[in-house]
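One structure is given below, encoded as structure tokens.
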Amino acid sequence: MQRTFLTILTALLSLVFIGCGEGGPKTTPVSITITQKGTPLAGAAVTMVSADGNSAAGMTNDSGVAVMEMTGSSTKKGAVPGEYGVGVRKWEIREIPNPSEDAPDATSSVREDKLPRKYGDIGESGFKLTVGTTAVVETFDIPE
């Protein structure tokens with residue numbers, strides 16, 4: 001009886017300690033630079049999605065560089081190895097007048113795309129990326 005109890009206790013403790021490690025799939029660091037007509041593009045949302053359904057995202061900094069993180073995990077940097085399509089979107093939120101009888105100074109927010117829509121679609125952007133087991137540093141230029 002005591003042996004059975006110790007066996008069960010050991011198994012349960014093993015499961016607890018296994019769960020304490022960094023779980024999930026192994027990732028590779030990915031850094032993507034986005035330029036537009038050769039100039040770094042700041043404040044753009046970069047997404048990458050594989051045929052397997054793995055995905056990662058990041059925002060470009062003032063130098064146009066996005067450090068990618070697995071989608072749904074703010075602490076898991078990089079991406080799972082595989083073939084990815086990459087999309088880039090950038091927009092600006094503008095306030096426009098929207099007066100009414102009750103609120104003559106009212107405004108509405110409108111999102112205005114700053115890039116052609118095709119670059120936000122991973123199937124149409126033309127941007128592809130292969131992630132292996134070594135760090136990936138890639139640059140994509142938007143010519144328009």
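Descriptive notes on the structure:
- Sole exception among (1) modelled with pLDDT under 95; (2) of a type in the set (Ser, Thr, Tyr); (3) surrounded by 10 or more Cβ atoms within 10 Å (Cβ to Cβ) for Ser31, by number: (1)
- Matching residues, region 128-144, being surrounded by 10 or more Cβ atoms within 10 Å (Cβ to Cβ), in contact (Cβ under 8 Å) with a residue 60 or more places away in the chain and not hydrophobic (A, V, I, L, M, F, W, C): Glu138, Thr139, Asp141
- The residues of region 32-59 that are polar (S, T, N, Q) and under 17 Å from Ser125 (Cα atoms), listed by number, are Thr33, Thr35, Gln36, Thr47, Ser50, Ser55.
- Strands (runs of 3 or more DSSP E) within region 35-144 that include 2 or more residues farther than 30 Å from Pro25 by Cα and touching an Asp or Glu at 6+ places or on another chain (Cβ under 7 Å): 91-97, 107-113
- Residue that is surrounded by the fewest Cβ atoms within 10 Å (Cβ to Cβ), among those in region 88-116 that are of a type outside the set (A, V, I, L, M, F, W, C) and under 18 Å from the mean Cα position of the chain (by Cα): Arg89
- Asp52 modelled with pLDDT of 95 or more, surrounded by fewer than 16 Cβ atoms within 10 Å (Cβ to Cβ) and over 9 Å from the mean Cα position of the chain (by Cα): no
- Residue match in region 90-101 (condition: in contact with a Leu (Cβ under 6 Å, 6 or more places away or on another chain) and of a type outside the set (Gly, Ala, Ser)): yes
Yes/no matrix, rows are residues, columns are (1) over 21 Å from Asp52 (Cα atoms); (2) in contact with a strand residue (DSSP E or B) (Cβ under 7 Å, 6 or more places away or on another chain); (3) in contact (Cβ under 8 Å) with a residue 40 or more places away in the chain:
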| position | (1), (2), (3) |
| --- | --- |
| Ser63 | yes, yes, no |
| Ala66 | yes, yes, no |
| Ala79 | no, yes, yes |
| Val88 | no, yes, yes |
| Glu95 | yes, yes, no |
| Glu101 | yes, no, no |
| Pro104 | yes, no, no |
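The values are calculated or read from the model by the stated rules, or taken from the named source; none is laboratory data. Remember, it's a predicted structure, so these values are computed and weren't measured experimentally. Because the Cβ atoms are built from the backbone with ideal geometry, glycine has one as well, and the counts that use them run over all protein chains shown.
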